[in-house]
Amino acid sequence: MNKRLLLIEDNEQNRYLVTYLLEARGWKVVHASDGPAGLKLTASTDPAIILLDIQLPGMDGYSVARALRENPALLSVPIIAVTSYAMTGDRDRCIAAGCSGYIEKPLDPDTFCSEVERYLGSAQ
């Protein structure tokens, strides 16, 4: 099974935490610190899943999600918004932009990996 994950996140501490947690579960995590870099990496990464921060510099996560969904090779790849946006309507905006799911920050280290993996249809 493909255990490659693309993480598009500008915050270094969040990248470290997500990578630490997921690599402990056997995932290979590839990072991008902004939207354009993440879009470029999709071709060489062949991710099983994409974790996407919404509050990114330059190109926000909504725009990144829409651009990812324009790529036919990524139509079946889950895109999960991992964001501190937790107001009424924020989840719906993520889904409308093309995200498959939504995980709120701050992350819970005890449940984060299971939350991510459930978007693949079964636990890893």
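The values are calculated or read from the model by the stated rules, or taken from the named source; none is laboratory data. As the structure is a computational prediction, the values presented were derived from the model and not from experiment. A quick note on method: Cβ atoms are made from the backbone with ideal geometry, for glycine too, and the neighbour counts reach across all protein chains shown. These accessible areas exclude ligands, DNA and RNA; they are computed on the full protein's heavy atoms, side chains included. Shrake-Rupley method; radii C 1.70, N 1.55, O 1.52, S 1.80 Å.
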Anything in the stretch 55-73 that is at pLDDT 95 or above, among the hydrophobic types (A, V, I, L, M, F, W, C) and surrounded by fewer than 22 Cβ atoms within 10 Å (Cβ to Cβ)? List them, or say none. Met59, Ala67
Does Asp110 count as without any contact (Cβ under 8 Å) to a residue 24 or more places away in the chain and not in a loop (DSSP other than H, G, I, E, B)? no
Do we find a residue being over 18 Å from Gly61 (Cβ atoms) and assigned to a loop (DSSP other than H, G, I, E, B) anywhere in the stretch 91-104? no
Glu115 versus (1) more than 22 Å from Lys28 (Cβ to Cβ); (2) touching a strand residue (DSSP E or B) at 6+ places or on another chain (Cβ under 8 Å); (3) part of a helix (DSSP H, G or I): which is the lone unmet condition? (1)
How many of the residues in the stretch 31-79 are part of a loop (DSSP other than H, G, I, E, B), without any contact (Cβ under 8 Å) to a residue 40 or more places away in the chain and either aliphatic (A, V, I, L, M) or under 14 Å from Gly101 (Cα atoms) (or both)? 4
Select from the stretch 80-90 the residues that are of a type outside the set (Ser, Thr, Tyr) and part of a loop (DSSP other than H, G, I, E, B) and write down the one among them that is most open to solvent (accessible area, probe 1.4 Å). Met87
